[in-house]
Each structure stands twice: as C-alpha cells, then as structure tokens.
Amino acid sequence: MSRAVRDIIGAVSFLMAAFMYNKPEYLKFGLDDHVHVPYRLGLIPGSEEVIRSSVKAGAYGATISGSGPTIIAFSPSDKAHLVGESMVSTFKHHGITSSYIVLDFDQSGISAV
C-alpha cells in the first residue's frame, strides 16, 4: 500500500471520528491532506498563510474546499467570525479581495422539494 493511500485512509478516519464522537479537535488531522492540497495551494495566493491564520484565530482546521479557490475552516461558533475576519484580512495582505460566510451543519438532512 502506498504512502498516499495510507495518508488518505488516516485522514478519512480522523474526519469520521471527529463527527461520530463529537471530537472537533480531530479535524486538524482529518483536514491535513497531503495528496492534492499541496499542489493546489500554490494556485491560491496566500492560501497557506490564510490556513495558518484561521487556526491561530481559533479554527480546528482549514483546507481547500473542493478544487479551490474556496478555503473552508471549521471552528467553534463563538470564534467563527474571528476566524473569518482573520482569513479575509490575510487574503487582503496578499492583494486578494475575499469574503466569508458563517454556516452551520444541516441538522435535517435530505428533504423533497
């Protein structure tokens, strides 16, 4: 089994444990993707610093959402705006105009419209 596969399995395990056992501190390990994120970070100016600043502001972890350029951070609700403002400020320092949106988890699941 390759190292990349082991890394993916480990990250997914931490993500699942974070949600199954209500252990948000595990998110930083689950979001630590070594497979595709390192290649895409360089395409988003300031992204590595934005991720670091989000954690410093109180996020459990952050990463590229999908293929980018969105960066998603998970934080306690009482720190969400501080995390968002920190990320916007860091992007601004790199000449990037951005905004943040604070979202909560959908508790109702799928529904027919």
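The values are calculated or read from the model by the stated rules, or taken from the named source; none is laboratory data. All values derive from a computational prediction rather than experimental measurement. Every residue, glycine among them, receives a Cβ derived from its backbone with ideal geometry; neighbour counts consider all protein chains shown. Ligands, DNA and RNA are stripped out before the accessible areas are found, and what is left, the full protein with its side chains, is counted by its heavy atoms. Shrake-Rupley method; radii C 1.70, N 1.55, O 1.52, S 1.80 Å.
Data overview
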{"item": "Chymotrypsin sites (Phe, Trp or Tyr not before Pro) within the stretch 12-47, DSSP loop, no more than 14 other Cβ atoms inside 10 Å", "result": "Y21"}
{"item": "Potential lengthening between L82 and R6 on full extension [0.36 nm per residue; Cα-Cα distance subtracted]", "result": "24.0 nm"}
{"item": "Sites N22 and S67, calculated FRET efficiency, Cβ-Cβ separation with R0 22 Å, nearest 0.05", "result": "0.15"}
{"item": "Whether the stretch 9-55 is rounded, prolate or oblate, judged on the alpha carbon gyration tensor where a/c under 1.5 counts as rounded", "result": "oblate"}
{"item": "Value of [θ]222 nm, deg cm²/dmol, for the chain, DSSP H segments ≥ 4, -39500 (n - 2.57) each, nearest 500", "result": "-13500 deg cm²/dmol"}
{"item": "Relative packing of peptides 72-83, 99-110 - highest average C-beta neighbours within 10 Å first", "result": "72-83, 99-110"}
{"item": "Taking the convex hull of Cα positions in the chain, its mean projected area over all directions (nm²)", "result": "8.7"}
{"item": "Amide H contacts under 5 Å for I71, placed H, 5+ residues apart", "result": "S65"}
{"item": "Probe 1.4 Å, protein heavy atoms only - accessible area per residue of the chain in square angstrom", "result": "71"}
{"item": "For the chain: relative contact order, % (alpha-carbon pairs under 8 angstrom, 6 or more apart)", "result": "19"}
{"item": "Accessible surface of the chain, 1.4 Å probe, proportion on carbon and sulfur as whole %", "result": "58"}
